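For reference, the structure is listed below as structure tokens.
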Amino acid sequence: MENKIKKRLEEIIHPETKQSIVESGMVEKISIEQEKIHLTLRFKKARDPFAAKIKREVQQTVEELMPDHAVIVTLREGEATKPAQPEKPRTMTSGVAHVIAVASGKGGVGKSTVTANLALTLRDMGYRVGVLDADIYGPSQPKMFGVEGYMPEAEHDPETNFDAILPAEAMELKIMSIGFFIQPTDALMWRGTMASNALRQLIHQTKWGTLDFLLIDMPPGTGDIHLQLINELKLSGAVIVSTPQQVAVADVVRGVEMFRHPQVNVPVSGIVENMAWFTPEELPQNRYYLFGKGGARTYAEQNEIPFLGEIPIIQSVMEGAEQGTPAVLNDPRVGEYYRSICEKLVENVMKSC
Ligand code: ADP
């Protein structure tokens, strides 16, 4: 929202300097509360004759944009005395526009498979995409994309003295996985702070470059590691994957509550119902609802959470995951399901930012 306000304010030009008030740094602060917006404008010149006019324009512009908020504009004069800047955590995520968590209440519902196929579908829609596999309990993205055995190297930048970790690149995606660093048998040891620290490094040190979307394959469930991942990054949204069973849906509720918790406050971009039904090849008209029918869809509708779509049980989905070629690449039926899901996802993410 702050960016939206800034964008509008860019159009306000100081009549004397002929510069936009945003570009010339006059908009010192924008803080948005529930019902109020405070803006601070700084005029370099004392008693700037245009101060009142600009203040009025800012006030009107923001009121028009956010009619439900009271707008309070404060004026300051002279050069700002810069407060000592706290040292920012150094991160390579600054070129990433949207970070989206892909989560599930429990393991085995297809979260990793969905992450990989979403990533490729977004790529096909023209976006630059990265995948961070943070599933410490069963990192599977290296296998999904056929980059098992990749050994990440570090690249030292002498100017900043910063070591960046180079991600794997496959199918035009940037891929980083905790699985590049741990043996599957070590997963149990990797709980708690050790896992948290490793994930923190992967988030900030991976050389992501410029990305439209970074998808995070989260560990299943809800817990400290989730909260840490969420705190570490500014998430644009979360996708929750579920199967239709009632028990799986009960876990989804916890996931949704975690993201919606006021201290976390990540918009839930939608729910995907995976393994929604099975259609045998020889009976293409039949749908067998092996795990029950529409549990996740019903829950989403009842709780006003966007429902992104269903994906049936399809053999090519399972085979694609095994062979390192996610099914959207080869099976147009699967491609269609994912395309529709991704279109809604992108729309919801853009709406909420
Ligand atoms: P999670 O990440 O939730 O633990 P996975 O993505 O590893 O789950 O999926 C679990 C298993 O189910 C994998 O063998 C995967 O290939 C299979 N699978 C996932 N979604 C589907 C689907 N729609 N159709 C067929 N098999 C699927």
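In the stretch 20-64, the qualifying residues are those that are over 33 Å from the mean Cα position of the chain (by Cα) and of a type in the set (Lys, Arg), and the one that is least open to solvent (accessible area, probe 1.4 Å) is Arg42.
Taken over the stretch 258-271, the residue count meeting the criterion of being open to solvent by 40 Å² or more (accessible area, probe 1.4 Å) and either without any contact (Cβ under 8 Å) to a residue 24 or more places away in the chain or polar (S, T, N, Q) (or both) is 5. Residues in the stretch 206-236 that are within 16 Å of the ligand (Cβ to nearest atom) and among the small types (Gly, Ala, Ser): 2 in all. For the stretch 239-250, the candidate set comprises residues that are touching a Gly at 6+ places or on another chain (Cβ under 8 Å) and more than 18 Å from Ile311 (Cβ to Cβ); within that set, the residue that is modelled with the highest pLDDT is Ala250. Per the listing Ala119, Ala134, the residue uniquely under 16 Å from Leu199 (Cβ atoms) and crowded, with 16+ Cβ neighbours inside 10 Å is Ala134. When Ala134, Ala168, Ala116 are checked against the criterion of being within 13 Å of the ligand (Cβ to nearest atom), aliphatic (A, V, I, L, M), in contact with a Pro (Cβ under 9 Å, 6 or more places away or on another chain) and closer than 17 Å to Thr325 by Cα, a single residue qualifies: Ala116. Gly146 meets each of the listed conditions (1) open to solvent by less than 50 Å² (accessible area, probe 1.4 Å); (2) in contact with a Gly (Cβ under 6 Å, 6 or more places away or on another chain) apart from (1). Output the residue which, of all residues in the stretch 293-339 that are away from the ligand (no atom under 15 Å from the Cβ) and assigned to a loop (DSSP other than H, G, I, E, B), is nearest to Met350 (Cα to Cα). Per the criteria, the residue is Pro306.
For the stretch 107-226, list the strands (runs of 3 or more DSSP E) that sit wholly inside it and hold at least 1 residues that are of a type in the set (Asp, Glu) and modelled with pLDDT of 95 or more; which are they? Reasoning before the result, please.
Numbers: elements: 129-133, 154-157, 162-165, 168-170, 173-177, 211-217.
Answer list for the stretch 107-226: 129-133, 168-170, 211-217.
Filter the stretch 272-290 for residues that are under 25 Å from Asn348 (Cβ atoms) and open to solvent by 40 Å² or more (accessible area, probe 1.4 Å) and give the result.
Correct list: Met275 only.
Going by what's in this entry, would Val102 be described as part of a loop (DSSP other than H, G, I, E, B) and at pLDDT 95 or above? Judged against the criteria, Val102 is not a match.
The values are calculated or read from the model by the stated rules, or taken from the named source; none is laboratory data. Quick caveat: nothing in here was measured; it's all calculated off a predicted structure. Please note: Cβ atoms are built from the backbone with ideal geometry, for glycine as well, and neighbour counts cover all protein chains shown. These accessible areas exclude ligands, DNA and RNA; they are computed on the full protein's heavy atoms, side chains included. Shrake-Rupley method; radii C 1.70, N 1.55, O 1.52, S 1.80 Å.
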